[in-house]
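Please treat every number below as a calculation from the coordinates, not as lab data. Since the structure is predicted, the reported quantities are computational estimates derived from the model, not experimental observations. Here the Cβ positions follow ideal geometry from the backbone for every residue, glycine too, while neighbour counts run over all protein chains shown.
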């Protein structure tokens, strides 16, 4: 009989231990998505990304590199992201602590007056109406995670931490891309301003030449009026460009977490547009799943929502707890810690929701629906990422060809403008021919600058699309 009882107890213990190793709810599995093996558009590719890739250095612009380095230290969006990571880490610690017993210590001194008309305590039987009660107590409670609800809560907290880290990587990648794009646009606008100023100076000389020729009777009032109108129109183009330059400097200052005028002296001098590298590593489409921060964030969100299903299902099961207390209680402080003043209590507890009108089932269905939303969002994020890379490859490849042909056109229009001016000075062509040639030259040079800007911007867009750069932000890395 004793042997049978022992075997029953042992079987029960084994069953409880096996049950304690289970976790309710679905386990996370990465969704399978069919992805092409290669990109449809081809460009010159460099060597694969290293772990500490800093693609902006490939533009060989020390000012751009310095701006990005400064932004990593002072950008306010990054500081917000770091604070969110710290918050998520604290929530993970809180979830982990829930798996272990909780202890609390309390103490009290109570001065009491008993009623004369009611028996409320043993002290009244001794004739004591007024007395002091000293009490010190250590309490403990532990929810035994038999069904894995608390472990799912910990899993959810870890996924939330990974989500905040991936989001921070995305913020960093967007930041360096924004700085690079604003900086490139700034240098392009400065080149446009330089071109507009040169055009004005040239047209002003033509205006003065026509005035001199009019005085000599060699030109009509029409030529002078045409020259003046062209000169004034060229001068008017300068002011919007100057305003754009100031606005871009203000924006770059804000990206660095500084006042709008912080970078004026540093950036007001015109510089050439940064030249992107001749080859960029794009990698394989499947590599985006690990490189793109937004895809990683979407996957962590899916992990989180999967774990929350288990948390919701956990409410269907009873909750088992162990509680206990130990302490001392006495009417006198002098004998509070004597053995006779001690007391303790210990015992298991269980709570179970018997009937809730379908509330728990509804919460489970809601959690499952949220997981489905996260699943479809993940798939869409992957598809959008693939589109971003394909679009960037097309735009960069075609813009390079566009720039090459515009360069040829600009050279030809420059020669035509010089020839037209010489013919006008010798009386072989009209001033309208000169204006037409000068306008064509200005337009071609402007388009060349804009195309050069687009090549650089599209290169930045491609770096961003393939998810390069956030790996270098070491302060946001964490170990699993």
Here are labelled values, (1) 27.9, 106; (2) 22.0, 70; (3) 38.0, 136, and one is the computed Rg and Dmax of the Cα atoms in Å for what I pasted. Which one? (3)
In vacuo Debye sum over C-alpha of region 175-244, base-10 log of normalised intensity I(q)/I(0) at q = 0.17, 0.20, 0.27, 0.28 Å⁻¹, listed in q order, is -0.66, -0.78, -1.05, -1.08
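Given a Förster radius of 51 Å and the C-beta distance between residue 80 and residue 135 as r, what FRET efficiency does 1/(1 + (r/R0)^6) yield to the nearest 0.05? Could you put the intermediate results ahead of the total?
Working: r = 47 Å, r/R0 = 0.92.
The computed FRET efficiency comes out at 0.65.
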Determine the gain in length on full extension of the stretch residue 439-residue 338; use 0.36 nm per residue of separation and subtract their C-alpha separation, reporting nm with one decimal. 25.9 nm
Here, residue 72 and residue 212, labelled 7 Å along Cα→Cβ, have an inter-label distance in nm of 5.8 nm
Specify the angular offset, from 0 to 90 degrees and rounded to the nearest 10, of the alpha carbon long axis of helix 76-97 from the longest principal axis of the alpha carbons in the chain. 20 degrees
Run the quick spin-label model on residue 233 and residue 326: label points 7 Å from Cα toward the beta carbon, then report their separation in nm to one decimal. 9.5 nm
Kindly provide the helix-only [θ] at 222 nm of the chain, computed as the sum of -39,500 (n - 2.57) over DSSP H runs of four or more divided by all residues, to the nearest 500 deg cm²/dmol? -21500 deg cm²/dmol
For residue 105 and residue 63, compute 0.36 nm times the residue count separating them, minus their Cα-Cα distance, and round to one decimal in nm. 9.2 nm
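Given R₀ = 56 Å, FRET efficiency for residue 272-residue 97 by Cβ-Cβ distance, to 0.05? Intermediate values should be presented prior to the final figure.
Working: r = 57 Å, r/R0 = 1.02.
Efficiency, from the Cβ-Cβ distance: 0.45.
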Calculate the spin-label point distance for residue 365 paired with residue 198, positioning each point 7 Å from the Cα along the beta-carbon direction, and give it in nanometres. 7.1 nm
What the 5 Å binned alpha carbon P(r) of region 74-113 shows, as percent of pairs per bin from 0, is 6, 16, 12, 11, 11, 10, 9, 9, 7, 5, 3, 2, 1
